[in-house]
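S.K.: Okay, here's the structure, questions in a sec.
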Amino acid sequence: MNTSSKVYVAVIASFSEDGKLDPKQLRWEDGREYSIEKVLDVRPAAALKAGGQGDRYTVQIKGNQSYLFFERSANISGTNLGRWFVERK
């Protein structure tokens, strides 16, 4: 039985001059904020536990490795590029 779910989170991110999207901080649904110390890897991948497809960022937060997903918007015009989510266990 799959008990994981997507949790959409607010993320502060920056774009480099070459267009790379780099997450810096995330805010959990209860308001707690976490600095992303390092991005270890970025690759297209499915969220196997919660479902969905996007770019999977392997990030380091408080010394621990975690996954942060960027789900691209189907509408490529406008300012809504997509949403960030994590998998809740």
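S.K.: Taking interchain pairs and intrachain pairs at least six residues apart, which have beta carbon atoms under 6 angstrom, with the first residue in segment 40-58 and more than 14 Å from V7 (Cα to Cα) and among the hydrophobic types (A, V, I, L, M, F, W, C) and the second at pLDDT below 80 and assigned to a strand (DSSP E or B)?
M.R.: Partner pairs satisfying both residue conditions: A46/Q53.
S.K.: Report yes if R27 is over 15 Å from G82 (Cβ atoms) and either among the hydrophobic types (A, V, I, L, M, F, W, C) or exposed (fewer than 12 other Cβ atoms within 10 Å of the Cβ) (or both), otherwise no.
M.R.: Judged against the criteria, R27 is not a match.
S.K.: Would you please name the residue that is surrounded by the fewest Cβ atoms within 10 Å (Cβ to Cβ), looking only at residues in segment 55-89 that are on the phi < 0 side of the Ramachandran plot and charged (D, E, K, R)? Before the answer, list the steps.
M.R.: Of segment 55-89, the ones on the phi < 0 side of the Ramachandran plot are 55-61, 64-77, 79-81, 83-89.
Next, only the ones that are charged (D, E, K, R) stay: 55-56, 71-72, 83, 87-89.
Working: D55: 16, R56: 18, E71: 17, R72: 14, R83: 17, E87: 18, R88: 12, K89: 8.
If we take residues in segment 55-89 being on the phi < 0 side of the Ramachandran plot and charged (D, E, K, R), then K89 is surrounded by the fewest Cβ atoms within 10 Å (Cβ to Cβ).
The values are calculated or read from the model by the stated rules, or taken from the named source; none is laboratory data. Bear in mind that the values here come from a model prediction, so they are computed numbers and not experimental data. With ideal geometry, Cβ positions are generated from the backbone for all residues, glycine too; neighbour counts draw on all protein chains shown.
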